[in-house]
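Data first, discussion second: the structure below is written as structure tokens.
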Amino acid sequence: MAIHPSFTECRSYVAANMHHKPTAKSVRAPAVTISRQTGARGRSIGLKLQETLRSLNPKAKVPWTLFDDNLVLKVLEDNQLPSDLEKFMPDDAVSEVESSINEILGRHPSMWTLFDKTVGTIVRLSRMGNCIIVGRGGNKITQGFSNVLQVRLVGSLEKRIQQIVALKHVSRKEAADYIKKEDAARSRYMKQHFNCKIDDPLLYDLTINTDHCSDEQVVEILIAAVGQMQHKK
């Protein structure tokens, strides 16, 4: 299986953390979790945030790193599991019956086992800091972590349809259907695993409507929020 193009960066991030020895008085490095509606530009904003934070501190021993699609590969690597299990870890709810049958048949570990390992990896990355975690309930998993900024990106359906049409080169109907399917899947994932509603505003420190903000403007807001969070410590 081909390695995700940014997975090498993730490995470098972990390696840097292993060799970085914080002093007893050092403050835990900040982290950001991003929950997003489909088409609200979560990935492009995450990449721009990583790029900007790195440029602000180019000599950092532990560079800021984005974990989005590559997060699943990191979970599998952490637990010495084959990378082809990635296809069994959708960002969606999975029935207990289906999960149990697959486990009994030896097809792969149960979905609940993989979910538990995902939680462990997200907790570990958040404690290391200098990371941006997209999706997978990162905001709920890190709830109460003083070094983590929880963010939700939203947008009008029309703007999100336009974004998906441009990104995936599909028709408006196909884009609308894709958005409906993906948003429903993410909502089910949060409900099944955390018994919460993904659009509950109290789950986030900051909710941003990306309709009238460029990626750069959103990143400016996020960097200011991270700085304010650090200043309060």
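No lab work stands behind these numbers, since they all come straight from the coordinates. Just so you know, these numbers come straight off a predicted model, no measurement behind them. Note that we place each Cβ from the backbone using ideal geometry, even for glycine, and neighbour counts take in every protein chain shown.
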Q) Non-local amide H neighbours of residue 65 (under 5 Å, H modeled in plane, Pro and chain starts lacking H): which ones? A) 131, 132
Q: Would you kindly state how much longer the chain becomes between residue 158 and residue 181 on full extension, computed as 0.36 nm times their sequence separation minus their alpha carbon distance, in nm to one decimal?
A: 6.7 nm
**Q.** Set 140/181; 117/159; 159/181; 117/140; 48/159; 48/140 screened for pairs whose C-alpha atoms are more than 26 Å apart
**A.** 117/159
Q | Exposure proxy order (Cβ contacts within 10 Å, fewest to most) of 219, 32 | A | 219, 32
